[in-house]
Amino acid sequence: MIKTPMYTYLGTNGTITSFVHLEDIYYVLKYRLEAESNKFLTKDDKTYFKNITIPADELDE
């Protein structure tokens, strides 16, 4: 599994999620999880994903 941090910033007219970290600006940390070649990610053994973005506090689940 490939784990990549992503940052969600709140603007005056919406939000933007980016791989770019901007210093001194409030953000919500998320992670993009990508399955390796010929593999899948699963949450409940019924639903399979090649990639998914989750909040950082759900990473250990």
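The values are calculated or read from the model by the stated rules, or taken from the named source; none is laboratory data. Keep in mind the model is a prediction, meaning the values are calculated, not measured. When we count neighbours, we look across all protein chains shown, and the Cβ atoms used for this are built from the backbone with ideal geometry, even at glycine. Calculation scope for accessible area: heavy atoms of the full protein, side chains included, ligands and nucleic acids excluded. Shrake-Rupley method; radii C 1.70, N 1.55, O 1.52, S 1.80 Å.
Quick check: anything in segment 8-24 touching a residue at least 40 places away in the same chain (Cβ under 8 Å) and of a type outside the set (K, R)? Checked against the condition, which is being touching a residue at least 40 places away in the same chain (Cβ under 8 Å) and of a type outside the set (K, R), segment 8-24 yields no hits at all. Scanning segment 25-36 for residues that are open to solvent by 70 Å² or more (accessible area, probe 1.4 Å) and either within 16 Å of the chain's Cα centre (by Cα) or at pLDDT below 90 (or both), we see that the one that is nearest to L10 (Cα to Cα) is Y27. For segment 2-11, the criterion of being under 13 Å from the mean Cα position of the chain (by Cα) and open to solvent by 80 Å² or more (accessible area, probe 1.4 Å) is satisfied by at least one residue. Pull out all pairs, ordered by first then second residue, where Cβ-Cβ is under 9 Å, the residues are six or more apart or on different chains, the first lies in segment 39-59 and is over 14 Å from K3 (Cβ atoms), and the second is open to solvent by 80 Å² or more (accessible area, probe 1.4 Å) and part of a strand (DSSP E or B). Partner pairs satisfying both residue conditions: F40/Y48; T42/Y48.
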